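Written below as structure tokens is the structure these notes are about.
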Amino acid sequence: MTELDHHDRAILALLQSDARMPNASLAERVGLSPSACLRRVQRLEQAGVIARYVALLDPRAIDRATTVFIEVTLDSQREEVLAAFERAVAGCRDILECHLMAGDFDYLLRAAVANPQDYERLHKQDLSRLPHVVRIKSSFALRTVVKRTDYPV
């Protein structure tokens, strides 16, 4: 995709705060005609800049208010070991994020659970069964201070 101009950046900033904003309102706010604005949004979608549209849920409303960060160390860094772990962790619905890390451990996972007992279930049923894991270290978040879903554009 070509360089993003100020109209593209304005569109992206507004859609990140309200993806359901009607095109006419979006166009007015960024100073474009509705048809020109729609073409830009479609171009941003086709280029993959806008990956998808989602609804952000309140974790408390769905009984997932406890955030757990999980450090995972594997027995090897071989490509097939990493691939096997990544395939397995992708199947764990309670894991919201999985990052391959540089540093003292191999992966950092983020899970949302109801409470410590729910985390125990996740640990017994999923985490302890992941392939090639030699160490799991979990930290419970006490409070979220900053949580953003919008990127600065």
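The values are calculated or read from the model by the stated rules, or taken from the named source; none is laboratory data. Small disclaimer: the values here were computed from a predicted structure and weren't measured. Heads up, the Cβs are rebuilt from the backbone with ideal geometry, glycines too, and the neighbour counts pull from every protein chain shown.
Within the stretch 116-135, can you find the residues that are assigned to a helix (DSSP H, G or I) and either over 22 Å from the mean Cα position of the chain (by Cα) or closer than 19 Å to ASP106 by Cβ (or both)?
PRO116, GLN117, GLU120, ARG121, LEU122, HIS123, LYS124, GLN125, LEU127, SER128, ARG129, listed by residue number.
Of LEU26, LEU57, LEU12, which residue is assigned to a loop (DSSP other than H, G, I, E, B) and either free of Cβ contacts under 8 Å to residues at least 60 places away in the same chain or among the aliphatic types (A, V, I, L, M) (or both)?
Sole residue among the options that is assigned to a loop (DSSP other than H, G, I, E, B) and either free of Cβ contacts under 8 Å to residues at least 60 places away in the same chain or among the aliphatic types (A, V, I, L, M) (or both): LEU57.
I'm told THR149 meets every condition in (1) hydroxyl-bearing (Ser, Thr, Tyr); (2) surrounded by 10 or more Cβ atoms within 10 Å (Cβ to Cβ); (3) in a loop (DSSP other than H, G, I, E, B) except one. Can you identify the failing condition by its number?
(2)
May I ask you to list pairs of residues, at least six apart or on different chains, whose Cβ atoms are under 7 Å apart, with the first in the stretch 110-139 being free of Cβ contacts under 8 Å to residues at least 60 places away in the same chain and in the same structural domain as ARG87 (by TED's automatic domain parsing) and the second being of a type in the set (Val, Ile, Thr) and surrounded by fewer than 17 Cβ atoms within 10 Å (Cβ to Cβ)?
Filtered contacts from the stretch 110-139: LEU127/ILE136; HIS132/VAL81.
Out of ASP94, ASP150, ASP126, which single residue is among the charged types (D, E, K, R), touching a Ser or Thr at 6+ places or on another chain (Cβ under 9 Å) and at negative phi? Break it down into steps so the answer makes sense when it comes.
Working: ASP94 fails: touching a Ser or Thr at 6+ places or on another chain (Cβ under 9 Å); ASP126 fails: touching a Ser or Thr at 6+ places or on another chain (Cβ under 9 Å).
Testing whether each residue is among the charged types (D, E, K, R), touching a Ser or Thr at 6+ places or on another chain (Cβ under 9 Å) and at negative phi leaves just ASP150.
Please tell me if ARG39 is outside the structural domain of GLU120 (by TED's automatic domain parsing), out of contact with any helix residue (DSSP H, G or I) (no Cβ under 8 Å at 6 or more places or on another chain), more than 25 Å from ARG148 (Cα to Cα) and of a type in the set (D, E, K, R).
When the stated conditions are applied, ARG39 passes them.
Of everything in the stretch 29-42 that's in contact (Cβ under 8 Å) with a residue 24 or more places away in the chain and in a helix (DSSP H, G or I), which residue is surrounded by the fewest Cβ atoms within 10 Å (Cβ to Cβ)?
So the residue we want is VAL41.
Could you count how many residues in the stretch 65-99 are surrounded by 11 or more Cβ atoms within 10 Å (Cβ to Cβ) and part of a loop (DSSP other than H, G, I, E, B)?
Number of matching residues: 6.
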